[in-house]
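*Asks:* Dumping the structure here so I can ask a few things about it.
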């Protein structure tokens, strides 16, 4: 293969697809081994409420990911006008089902539902999304160990570590503070002894803070928020954003783009994840890894 | 009283003693009212293991604080060579005792004991220190509400708010990341929509980060760590440190000093808490407030 080496100004593109592929191969091996040792495979159950097209496609990716590594996948699909109790019943049934080791309630739920109330029903031992407050507390307390760490946070760290990037002592700015990405990522980074700044919509000088950071992880959900001028020369950029933007040249009329203005950032950063093909596939791989870990705990195969 | 007004270079000294006094008066009123309404007062139980002089004096302050506001205080004093199970038995008895609304295990415990294991026994409803992982998780998740927030973290925020300092959008650097102060303070600040950076022993450029912060909260436990040169002109400084330093002029041979080099900081900052007389008394007031809140929940008097 011939590689065109650009000037020293082009960042390394961190290949999330290939990293995810390696992780999946490893998981597939372990699932195979589990099946021959204990006669069971891990099972992941997804509860999907309503018919949001983005949620449906995320669930499709997750189901496909399961199939590829031999994890059994189950799906409860409920109409958008069902009741909170019906959703909680679905979760409760999966809690009881011994063939299910991970339960995932696809977010966002319809607006009339109390998300926290529904998520509280997910058994702590099957909380592969890591959103249970006890898992979050155990993630925050460095002397404890959570059963599960949220998948996108794990994916960000995995991308950095697999790229040979040292975290200890590095100044990392996390943009966004959602429970799905920003919060757990900032907590996980601190377990790796990074210096962490969390910025968000109320931050008055975001670009000033990012410009002094060795690593920028953006999970704001705002297309092209992070410009080249926001970055220190040689910074490492992890882009968790997947924002739909209009694109008449695409078959769907839109395409997905990250939080980071890639064309600008690639000239300043030393390494950057693309969107798509960066954090996304590794996040799904981490969901499979969490499900595998859960099954290993149940069958006494944990390290 | 005549007041000598200095040049514009002297910071306002935030008077923790006086703020604590106001809080205690308010608590005393509520305790009095509780007694007349339901015939009970709040109760705080302290478990003290060993004979560390600093721990003994902290416990004395807490007990004295209880007496002043009419909260019943109980003390279980165990020898340093007792077993983990004996400590857990003490906690368990207080869990069962309906006259106890708050339980506090004085830290640090002797080195041979598993602190996390012992703290796990404290009933979630009596965890006035706020160290239970579920309380920490509910503090971290902004859509949830913890039953208790750790006292020192609450004290830092209270000192800022009572001094009329707006937190939303401010850049706050927290020095230290212990579960007792740094971690919960950083989480609580984020609930107030501050932009938070957490720095610690692995941070390579601490002074660079503090120098860009509007507010610096230091809980590192290192005397005179924060020099005047670490601060932006006009910054606000909350000093949680209480470090013993040798002092031959003192009756005890030592005196307590903060993390911040006060003489230097007072010339740069716009407001600063002294040590002693800053965070300390307000932290104890917050312990009393947490105990009162717990009793109010039990007797159905919560807002």
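*Asks:* If you go through region B:214-223 one residue at a time, do you hit one that is touching a residue at least 60 places away in the same chain (Cβ under 8 Å), part of a loop (DSSP other than H, G, I, E, B) and either closer than 24 Å to residue A:132 by Cα or within 19 Å of the chain's Cα centre (by Cα) (or both)? Even if it seems obvious, please write down each step before you answer.
*Replies:* Step one: filter region B:214-223 for residues touching a residue at least 60 places away in the same chain (Cβ under 8 Å), giving B:217, B:219.
If we keep only those that are part of a loop (DSSP other than H, G, I, E, B) too, we end up with B:219.
Remaining after also requiring either closer than 24 Å to residue A:132 by Cα or within 19 Å of the chain's Cα centre (by Cα) (or both): B:219.
Yes: region B:214-223 contains one or more residues that are touching a residue at least 60 places away in the same chain (Cβ under 8 Å), part of a loop (DSSP other than H, G, I, E, B) and either closer than 24 Å to residue A:132 by Cα or within 19 Å of the chain's Cα centre (by Cα) (or both).
*Asks:* Let me ask something else about it. Hey, does region B:66-76 have a residue that's under 23 Å from residue B:131 (Cα atoms), exposed (fewer than 13 other Cβ atoms within 10 Å of the Cβ) and in contact (Cβ under 8 Å) with a residue 12 or more places away in the chain?
*Replies:* Our first condition is that a residue be under 23 Å from residue B:131 (Cα atoms); within region B:66-76, this holds for B:66, B:71-76.
Checking which are exposed (fewer than 13 other Cβ atoms within 10 Å of the Cβ) leaves us with none.
No, because not a single residue in region B:66-76 is under 23 Å from residue B:131 (Cα atoms), exposed (fewer than 13 other Cβ atoms within 10 Å of the Cβ) and in contact (Cβ under 8 Å) with a residue 12 or more places away in the chain.
*Asks:* For region B:174-198, how many residues meet the condition of being surrounded by fewer than 24 Cβ atoms within 10 Å (Cβ to Cβ), under 20 Å from residue B:271 (Cα atoms) and facing chain A (nearest Cβ under 9 Å)?
*Replies:* Going through region B:174-198 one residue at a time, the tally reaches 0.
*Asks:* So is residue A:189 within 21 Å of the chain's Cα centre (by Cα) and assigned by TED's automatic domain parsing to the domain that holds residue A:172 or not?
*Replies:* Values: within 21 Å of the chain's Cα centre (by Cα): yes; assigned by TED's automatic domain parsing to the domain that holds residue A:172: yes.
The answer is yes for residue A:189.
*Asks:* Sticking with this structure for a sec: Evaluate region A:287-302: report whether one residue or more is closer than 19 Å to residue A:164 by Cα and outside any loop (DSSP other than H, G, I, E, B). Talk me through it step by step, then tell me what you get.
*Replies:* Here is the first cut: in region A:287-302, the ones closer than 19 Å to residue A:164 by Cα are none.
Within region A:287-302, none of the residues are closer than 19 Å to residue A:164 by Cα and outside any loop (DSSP other than H, G, I, E, B).
*Asks:* Further, regarding this structure: Would you be able to say whether some residue in region A:203-211 is crowded, with 24+ Cβ neighbours inside 10 Å, under 23 Å from residue A:54 (Cα atoms) and in contact with a strand residue (DSSP E or B) (Cβ under 6 Å, 6 or more places away or on another chain)?
*Replies:* No: zero hits.
*Asks:* State whether one or more residues within region A:203-212 are at the interface with chain B (Cβ under 8 Å from one of its Cβ atoms), part of a loop (DSSP other than H, G, I, E, B) and within 18 Å of residue A:233 (Cα to Cα).
*Replies:* Scanning region A:203-212, I find at least one residue that is at the interface with chain B (Cβ under 8 Å from one of its Cβ atoms), part of a loop (DSSP other than H, G, I, E, B) and within 18 Å of residue A:233 (Cα to Cα), so the answer is yes.
*Asks:* Scan region A:149-170 residue by residue and report those that are in contact with a helix residue (DSSP H, G or I) (Cβ under 7 Å, 6 or more places away or on another chain) and over 13 Å from residue A:185 (Cα atoms).
*Replies:* Here is the first cut: in region A:149-170, the ones in contact with a helix residue (DSSP H, G or I) (Cβ under 7 Å, 6 or more places away or on another chain) are A:149-159, A:162, A:167.
If the condition is that a residue be in contact with a helix residue (DSSP H, G or I) (Cβ under 7 Å, 6 or more places away or on another chain) and over 13 Å from residue A:185 (Cα atoms), then A:162 is the only one that fits.
The values are calculated or read from the model by the stated rules, or taken from the named source; none is laboratory data. Since the model is a prediction, treat every value here as computed from it, not as a measurement. Glycine also receives a Cβ, built like all others from the backbone with ideal geometry; neighbour counts cover every protein chain displayed.
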